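Following: one structure in structure tokens, then a few remarks.
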């Protein structure tokens, strides 16, 4: 009887042990598969696709500022009006129309009335005015800008301070965006394919993608972009002295890698 109970207990223990071993084996296999799947899911590569275009500006802005000074305000004002008429005639001679011209308000400075001025010297009154040109004919404005010496020869002092001179802008960005984004994506995929080939993998689905921000800079700026940047950052493009612009976008894409 004791031998039978011992045999029965031994058999039960053996079956239990085998079940435990089988359970551990199955659990280990499942866990290993899950870990492998997690590792495969974590394998991805981050690549960038760069596209640049050189384009010609399609609008120009040209502020022409002139000033006169003297101690007799009516005379100074009359001279300023004469300067304005001469500037308008000069622009008309260059083919610039009145529709392209904006005449700013006259600014009069009385140095003696300036409470912050200590013992001002020189003429008492300074009269300043600005005539601004906005045109889509950038070549016409560029040619006119090369002839401003004629105004100086006529005795008109044209301002050359900050914000003066011709500034150019490119407003056709929206028409370029679709093709540039497509090309940037292709370039990023090509970079991912090269990386995958070197690592013995294949490129899978896109994990995440960032279109990137478009920037517009002077074509001869050596890669330094103007603060306007698209214009995707919500800023307004700032005009600069370069008629030729460089439009640039860099797309960043994560691709899964598959063995």
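The values are calculated or read from the model by the stated rules, or taken from the named source; none is laboratory data. All of these numbers come straight from a predicted model, not from anything done at the bench. All Cβ positions, glycine included, derive from the backbone under ideal geometry; neighbour counts span all protein chains shown.
Can you say whether residue 55 is closer than 30 Å to residue 141 by Cα and within 23 Å of the chain's Cα centre (by Cα), as far as the supplied structure shows?
On the way: closer than 30 Å to residue 141 by Cα: yes; within 23 Å of the chain's Cα centre (by Cα): yes.
Criteria met by residue 55.
From the list 190, 218, which residue is modelled with pLDDT of 90 or more, farther than 16 Å from residue 63 by Cα, assigned by TED's automatic domain parsing to the domain that holds residue 240 and surrounded by 17 or more Cβ atoms within 10 Å (Cβ to Cβ)?
Values: 190 fails: surrounded by 17 or more Cβ atoms within 10 Å (Cβ to Cβ).
After applying the criteria, what remains is 218.
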Task: Selection status of residue 200, at positive phi and either surrounded by 13 or more Cβ atoms within 10 Å (Cβ to Cβ) or at pLDDT below 95 (or both) - done: yes
Worksheet entry | Test: residue in the stretch 30-46 that is within 48 Å of the chain's Cα centre (by Cα), modelled with pLDDT of 50 or more and closer than 30 Å to residue 217 by Cβ | yes
